[in-house]
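For reference, the structure is listed below as structure tokens.
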Amino acid sequence: MKHSTKAIIDDLLLRYPLLTSCYQSIVASVEVLIKCYQKGNKLLTCGNGGSASDAQHIVGELMKSFVLPRKLSNLKQKYLEEMFPNNSQYLIDNLQDVLPAISLQGETALTSAYANDNAPDLVFAQQVLGLGAVGDVLLAISTSGNSRNILYACEVAHLQKMYVVGLTGETGGKMKDLCDVLINVPSRITYKIQELHLPIYHCICLALENEFYGEEN
């Protein structure tokens, strides 16, 4: 991990001292995701209600520029110029490099059909089975740590030999036994847990972007 990446995490604690207890787990989650992306793997995210919005929010920060420019590699630019000379400059000027991430909330047709025909609490697990690969990471968000559909997704992630990062509340719930890294914020009140989740996942996204697109140090 770059020194500047660690500085981003340190800055989070300066702004949110309440999260000091989560420092080691935040560092560990960033390290897991750095290794994931270095090996060409991807992130899957899932959650319910407000946490579903958080899961989608995370994908939005990773699949495009967050705060740093993410120009396509010189090799990709060269290929675009050779393959599509008429459109290459427009593509080069506007496309941004990505940190691959998929939110499991978005497939309405699949999840509604599966919930109706099979088991509603396995809609995330089914997608993890289909999309998850060895070395991928599942970021599972549950304020209680006890959401059945999240727990099943974690179990199937281990079946797929994925890493599981949990984002939850103070007790960790049942999810604490299913996570390789557990970030359990110091609150037991749902809306307060969610208020603390946002700066954490923003920090993780900033850290990852800096690691892959920031200055070398």
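Miscellaneous remarks
- The set of residues from the stretch 36-51 being open to solvent by 80 Å² or more (accessible area, probe 1.4 Å) and touching a residue at least 40 places away in the same chain (Cβ under 8 Å) comprises just one member, Lys39.
- Applying a threshold of 7 Å to beta carbon distances and a minimum spacing of six or more residues, or different chains, the list of pairs starting in the stretch 168-192 at a residue that is among the acidic types (Asp, Glu) and ending at one that is surrounded by fewer than 16 Cβ atoms within 10 Å (Cβ to Cβ) reads Glu170/Pro186; Glu170/Arg188.
- Picking from residues in the stretch 146-164 that are among the hydroxyl-bearing types (Ser, Thr, Tyr) and touching a residue at least 40 places away in the same chain (Cβ under 8 Å), the one that is nearest to Leu122 (Cα to Cα) is Ser147.
Here's the yes/no breakdown for (1) aliphatic (A, V, I, L, M); (2) touching a Cys at 6+ places or on another chain (Cβ under 6 Å); (3) not in a helix (DSSP H, G or I):
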residue	(1), (2), (3)
Thr171	no, no, yes
Cys179	no, no, yes
Leu182	yes, no, yes
Glu209	no, no, no
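- Of the residues making up the stretch 95-130, those that are outside any loop (DSSP other than H, G, I, E, B) and open to solvent by 90 Å² or more (accessible area, probe 1.4 Å) are Thr108, Asn116, Asp117.
- Residue in the stretch 27-48 that is modelled with pLDDT of 95 or more, within 12 Å of the chain's Cα centre (by Cα), in a strand (DSSP E or B) and of a type in the set (A, V, I, L, M) present: yes
- Total residues in the stretch 51-90, condition over 26 Å from Glu215 (Cα atoms) and not in a helix (DSSP H, G or I): 4
- Cβ-Cβ under 9 Å pairs, at least 6 apart or on other chains, the stretch 1-22 side more than 19 Å from Leu182 (Cα to Cα), far side acidic (Asp, Glu) and assigned to a helix (DSSP H, G or I): Met1/Glu31; Met1/Glu211; Lys2/Glu211; Ser4/Glu211; Thr5/Glu211
- Which numbered condition Gly135 misses (of (1) of a type outside the set (Asp, Glu); (2) in a helix (DSSP H, G or I); (3) open to solvent by less than 30 Å² (accessible area, probe 1.4 Å); (4) in contact with a strand residue (DSSP E or B) (Cβ under 8 Å, 6 or more places away or on another chain)): (2)
- Scan of the stretch 144-184 for residues that are more than 16 Å from the chain's Cα centre (by Cα) and buried (at least 24 other Cβ atoms within 10 Å of the Cβ), ordered by number: Gly145, Ser147, Gly169, Met175
The values are calculated or read from the model by the stated rules, or taken from the named source; none is laboratory data. In this text the structure is predicted, and so the values were computed from the model without any measurement. Positions of Cβ are generated from backbone atoms using ideal geometry, with glycine treated the same way; all protein chains shown enter the neighbour counts. In case anyone asks, the SASA skips ligands and DNA or RNA and just uses the protein heavy atoms, side chains included. Shrake-Rupley method; radii C 1.70, N 1.55, O 1.52, S 1.80 Å.
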